[in-house]
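Novice: The structure's right below; bear with me while I get my questions together.
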Amino acid sequence: MESRQHDTGRPLGGITVLDLSRMLPGAVLVRQLVDLGARVIKVEDALTGDPMRLVPPMAGGTGVGFAAFFRGVESVCLDPRQEEDARTIRRLARNADVLVESYRPGTMERWGLGPDELRVANPSLVVCSIPGYDPDGPCAGEAGHDLNFIARAGLLDHLGTPDAVPTVQLADFTAGLLAANAVLAALVERGHSGTGTKLTVPLARAPLPWLSWTTAEHLAGGAGAAGLLLGGGVPSYRVYACADDRRVALGALEPKFWARFVAMLGLEHLAGAGLDPGHEGDAAATEVARVLAAEPAAHWLRQARELGLPLTLVATLDEALTDPCLGGHGIRETVLGPDGSELEIPGPWLPMHPSGSRRVPGLGEDTAAVLEELGAGSGTAAGTPSTTRS
């Protein structure tokens, strides 16, 4: 099977990825590989597809979350529980460079698609599994979602908002980012050895990098930079409210910045309190808060900019999307939904290697074309759609 998206102008040009994963962790991984030039063939259930397709709001007949992660991939409907389709997936894997899956441990093996079996037929294959828990650990078969994993790892308790559920999926995104690093490293190693490998990136371990510094301090018997300096425990690294109820983030850890900042506020006597985590620091923060609350945020931001100080508005998402310091409109891109309509999604995470395709695939629209490449015909046991990409 020859790639129809062989793009040698980007780092992963000529690399084919077979994606059997579902939901966010695999999506985060796949989006990065697409941006780097890989061809991604996504295997989906013929009835519903990846569950992200059904999560509202919808645009172009598809959930916008699915569009944000899977523009530029090819969609093939195959059911690995059906033997005929499992055989087709095995044939696809023989011609792939990377296979991604996120099923519970043992599931792929039951279908005859276990990493060891696939790598017998294709020794150069890199298989990346993203299970909930370590397949060899005591929790291997347990169910879970992002909230469960950050709770178990201690990250939820450490976020400082009791009983609050984060609005970003920390474990899912981190697992996808870690998996991308692992896959890229495995491809480099394969270039030296000629053989692929089996990678496992459990979601339950994904929160651990967020806690590395804090955990080291905890094990050493106390809190230091992570727990105090970077956790809001000193007045020079905090969020303060202004007169218009807008908030500003102050990152004046360096003594020169703090001294310049308090001088701007007419509080020169606080120049030595910026890094104090105790009573003196709390008293300084109270004074700073009182002065900042007397004027709107724009007033202080203008003065801080003139003085070169690290004072930043706590922006809304709408403001961030048009912030020229973040690339302005460069952090958005327009893609075509499955019905041909235009919709906006977040732009490439790796702007130096933007995705070549801006098309979001309809469910199964590439099935016939991919199977024709494979020489397998267009009919499968899953009853896959036969529409092809126009």
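Laboratory data are not the source of any read-out in this text; all were calculated from the coordinates shown. Keep in mind the model is a prediction, meaning the values are calculated, not measured. Counting neighbours? That spans all protein chains shown, and the Cβs are built from the backbone with ideal geometry, glycine included.
Novice: Using r as the Cβ-Cβ distance of Ala320 and Glu268, and R0 as 35 Å, what FRET efficiency do you calculate, to the nearest 0.05?
Specialist: Numbers: r = 34 Å, r/R0 = 0.97.
E between Ala320 and Glu268, to the nearest 0.05, is 0.55.
Novice: At 222 nm, what helix-only mean residue ellipticity would the chain give, in deg cm²/dmol to the nearest 500, using -39500 (n - 2.57) for each DSSP H run of four or more? Could you put the intermediate results ahead of the total?
Specialist: On the way: 14 runs with 133 residues, N = 390.
-10000 deg cm²/dmol, from helical runs alone.
Novice: Any idea what Rg and Dmax come out to for region 83-143 if you just take the C-alpha atoms, in Å?
Specialist: For region 83-143, the Cα radius of gyration and maximum Cα-Cα distance read 11.9, 35 Å.
Novice: Could you give log10 I(q)/I(0) at q = 0.14 Å⁻¹ for region 137-239, computed by the Debye formula over C-alpha point scatterers of equal weight, without solvent?
Specialist: Listed by q, the Debye log ratios stand at -0.71.
Novice: Something else about it: Enter the angle in degrees (range 0 to 90, nearest 10) between the Cα long axis of helix 255-264 and the first principal axis of the Cα atoms of the chain, meaning the one along which they spread out most.
Specialist: 60 degrees
Novice: Using a Förster distance of 22 Å, how high is the FRET efficiency between Phe173 and His145, based on the Cβ-Cβ distance and rounded to 0.05? Mind dumping the intermediate values first?
Specialist: Values: r = 13 Å, r/R0 = 0.59.
Calculated value: 0.95.
Novice: Turning to a different aspect of this structure: Specify the angular offset, from 0 to 90 degrees and rounded to the nearest 10, of the alpha carbon long axis of helix 170-193 from the longest principal axis of the alpha carbons in the chain.
Specialist: 60 degrees
Novice: Let me ask something else. So what is the orientation-averaged projected area of the chain, using the convex hull of its C-alpha atoms, in nm²?
Specialist: On the way: hull surface 89.9 nm².
Mean projected area of the Cα convex hull: 22.5 nm².
Novice: For region 244-304 and region 63-116, what is the separation of their C-alpha centers, rounded to whole Å?
Specialist: 54 Å
Novice: What does the convex hull of the Cα atoms of region 189-318 come to per residue, in Å³, rounded to a whole number? Don't jump to the answer; show the numbers that get you there.
Specialist: Details: hull volume 26.8 nm³, N = 130.
Taking the convex hull of the Cα positions in region 189-318, it is 206 Å³ per residue.
Novice: In degrees from 0 to 90, rounded to the nearest 10, what is the angle of the helix 24-35 Cα long axis to the longest principal axis of the chain?
Specialist: Once rounded, the angle reads 80 degrees.
Novice: Subtracting the Cα-Cα distance from 0.36 nm times the residue separation, let me have the gained length for Leu374 to Asp339 in nm, one decimal. Walk me through the numbers on the way to the answer.
Specialist: Values: separation 35, 0.36 × 35 = 12.60 nm, distance 2.66 nm.
The Leu374-Asp339 span can extend by a further 9.9 nm.
Novice: May I pose another question? Can you tell me the order of 51-57, 98-104 when each peptide is scored by its average per-residue count of other Cβ atoms within 10 angstrom, highest first? Let's see the in-between values first.
Specialist: Details: 51-57: 14.1, 98-104: 23.4.
The peptides rank, most packed first, as 98-104, 51-57.
Novice: Per the Kirkwood treatment, what hydrodynamic radius in Å, one decimal, follows for region 65-110 from the mean inverse distance over all distinct Cα pairs? Intermediate values should be presented prior to the final figure.
Specialist: Working: mean 1/r = 0.0805 Å⁻¹.
In region 65-110 this quantity evaluates to 12.4 Å.
Novice: Restricting to Cα pairs below 8 Å that are 6+ residues apart, what does the relative contact order work out to for the chain? Please round to a whole percent. List each step's numbers first, then the result.
Specialist: On the way: 713 pairs, mean separation 75.8, N = 390.
Relative CO of the chain lands at 19 percent.
Novice: For every other residue with a beta carbon closer than 12 angstrom to the beta carbon of Ala298, add +1 if it is Lys or Arg and -1 if Asp or Glu, then tell me the sum. Intermediate results must be reported in sequence, preceding the final value.
Specialist: On the way: positive: Arg246, Arg302, Arg305; negative: Asp244, Glu295.
Every neighbour counted, the sum reads +1.
Novice: By average Cβ neighbour count within 10 Å, what is the ranking of 311-318, 42-49 from highest down?
Specialist: Details: 311-318: 13.4, 42-49: 20.1.
Most protected by this proxy first, the peptides run 42-49, 311-318.
Novice: Apply the a/c threshold of 1.5 to the C-alpha gyration tensor of region 1-122 and tell me whether it is rounded, prolate or oblate.
Specialist: Numbers: a/c = 1.87, a/b = 1.13, b/c = 1.65.
Cα axes put region 1-122 in the oblate bin.
Novice: Could you point to the residue in Pro56, Gly278, Thr161 farthest towards the positive end of the chain's charge dipole, with +1 and -1 charges on the Cβ of Lys/Arg and Asp/Glu respectively?
Specialist: Working it through, the farthest residue towards the positive pole turns out to be Pro56.
Novice: Follow-up. Given the Cα-Cα distance of Ala289 and Val165 and 0.36 nm per residue of separation, how much length would full extension add, in nm?
Specialist: Values: separation 124, 0.36 × 124 = 44.64 nm, distance 2.77 nm.
My answer for the length gained is 41.9 nm.
Novice: Give, in nm to one decimal, the length gained when the segment between Arg305 and Ala185 is fully stretched (0.36 nm per residue of separation minus the Cα-Cα distance). Walk me through the numbers on the way to the answer.
Specialist: Values: separation 120, 0.36 × 120 = 43.20 nm, distance 4.10 nm.
Using 0.36 nm per residue and subtracting the Cα-Cα distance, I get 39.1 nm.
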